[in-house]
Amino acid sequence: TERTFSIIKPDATKRNLTGKINAVIEDAGLRIVAQRRIQMTEAQAKKFYEVHAERPFYGELVETMTSAPVVVQVLEGDNAMARYREVMGATNPEQAAEGTIRKLFALNVGENSVHGSDSVDNAKIEIAQFFKDEDIVG
Ligand code: GTP
Ligand code: MG
């Protein structure tokens, strides 16, 4: 079994889609083993997306992620990281496959409803940014 880190982004929480997204996650066989709704600070968002600091959309990304509450989650299951990337769909919802979260709910590439870790190593780093070990109950 494996863990990955997920964020339900502001565009989705604003449209009251947390439950619908969680249903897609659970239907895919992933278990939500930790979950918390937070207002991300600018400092948190900047640190979280530090790898994109040089990209032209970094400022917009930080603004978007702090524009409303998010739901941070730890997902657990076999191949959880890769499985969740599949369930999320392509970054740009226009390219996302049928049935994926981004195809179902995303508005555009900047408001694409969810984040998921892109490697198992990054999942560990990202989980540690938002959760204490004792708050993850598998
Ligand atoms: P995350 O799970 O959120 O990391 O998405 P990803 O791994 O599919 O995409 P990536 O890590 O390449 O980009 C991180 C986030 O930056 C994306 O989810 C988008 O919300 C945003 N992003 C990426 N490319 C663009 C872009 O061209 N314009 C804007 N506005 N946002 C972008
Ligand atoms: Mg990414």
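The values are calculated or read from the model by the stated rules, or taken from the named source; none is laboratory data. Everything numeric in this text was worked out from a predicted model, so none of it was measured. Cβ atoms come from the backbone with ideal geometry, glycine included; neighbour counts cover every protein chain shown. When the accessible area is computed, the model is the full protein with side chains, heavy atoms only, and any ligands, DNA or RNA have been set aside. Shrake-Rupley method; radii C 1.70, N 1.55, O 1.52, S 1.80 Å.
Observations on the structure shown:
- Conditions (1) loosely packed, with under 13 Cβ neighbours inside 10 Å; (2) without any contact (Cβ under 8 Å) to a residue 24 or more places away in the chain: number failed by Thr1: (2)
Yes or no, residue by residue, for (1) over 16 Å from Lys9 (Cα atoms); (2) among the acidic types (Asp, Glu):
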{"position": "Arg36", "(1), (2)": "no, no"}
{"position": "Phe48", "(1), (2)": "no, no"}
{"position": "Pro56", "(1), (2)": "yes, no"}
{"position": "Ser67", "(1), (2)": "no, no"}
{"position": "Glu94", "(1), (2)": "yes, yes"}
{"position": "Val120", "(1), (2)": "yes, no"}
{"position": "Asp133", "(1), (2)": "yes, yes"}
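- Residue check: Glu50 meets all listed conditions (1) touching a Gly at 6+ places or on another chain (Cβ under 9 Å); (2) of a type in the set (Asp, Glu); (3) farther than 13 Å from Ser117 by Cβ but one, namely (1).
- Of all residue pairs spaced 6 or more apart or on separate chains, those with beta-carbon atoms under 9 Å, a first member in region 114-128 that is closer than 17 Å to Thr1 by Cα and a second member that is open to solvent by 50 Å² or more (accessible area, probe 1.4 Å) and at pLDDT below 95 are Asn122/Val51.
- Which numbered condition Gly116 misses (of (1) within 12 Å of ligand 1 (Cβ to nearest atom); (2) farther than 21 Å from Thr66 by Cβ; (3) in contact with a helix residue (DSSP H, G or I) (Cβ under 7 Å, 6 or more places away or on another chain); (4) not hydrophobic (A, V, I, L, M, F, W, C)): (2)
- Selection from region 102-129 of residues that are within 14 Å of ligand 2 (Cβ to nearest atom) and β-branched (Val, Ile, Thr): Val109, Val114, Val120, Ile125
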